[in-house]
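The values are calculated or read from the model by the stated rules, or taken from the named source; none is laboratory data. Values in this document were obtained by computation on a predicted structure and should not be read as measured data. Each accessible area value is taken on the protein alone, full model and side chains, heavy atoms only, with ligands, DNA and RNA left out. Shrake-Rupley method; radii C 1.70, N 1.55, O 1.52, S 1.80 Å.
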Amino acid sequence: SLRFPQKLWKMLESSKFQSIWWSEGGKCVAINKDLFKVEVLGREGQQVFYTQKMKSFMRQLNAYGFTKMHWNFQRSASLPEFLAEEAAASAHSQILYYYNPSFNRAHPWLSEMCKRR
């Protein structure tokens with residue numbers, strides 16, 4: 001069976017999953033939390049990872065050296081723009097971004113350096 005980083009890589013390169021993708025030019029893993037829970041963790045009989053809980057999956061990411069990225073939005077002064085940005089930020093909050101310097105789409109061989117802490 002594949003190690004966690006290899007399973008994650010396979011998912012990112014597969015067109016089967018809509019809930020997880022490469023972002024930031026292949027340097028970050030982006031996860032739509034709600035969709036991931038249903039599409040990946042909620043699979044009956046065909047589990048990709050050995051968990052059905054988002055918290056456990058996130059712990060696995062942390063154990064392999066992934067860190068959660070936080071995006072800072074520049075806020076506008078005008079009310080309509082501010083409200084539009086708030087709506088975008090709210091939708092954006094469903095997306096989790098994780099970064100690991102050894103997990104980069106442009107350098108697949110680096111993923112071998114992703115070791116469990």
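Please calculate the 1.4 Å probe accessible area of Arg105, with all protein chains present, and give it to the nearest 10 Å².
My reading of the accessible area for Arg105 is about 120 Å².
Anything over 20 Å Cα to Cα? Flag those among Lys10/Lys33; Lys16/Lys55; Lys33/Lys115; Lys33/Lys68, in the order listed. Let's see the in-between values first.
Working: Lys10/Lys33 18 Å; Lys16/Lys55 23 Å; Lys33/Lys115 24 Å; Lys33/Lys68 13 Å.
The answer is Lys16/Lys55; Lys33/Lys115.
For Cys28, enumerate residues with amide H under 5 Å from its amide H, sequence gap 5+ or separate chain, H modeled in the peptide plane.
For Cys28, the qualifying residues are Ser23.
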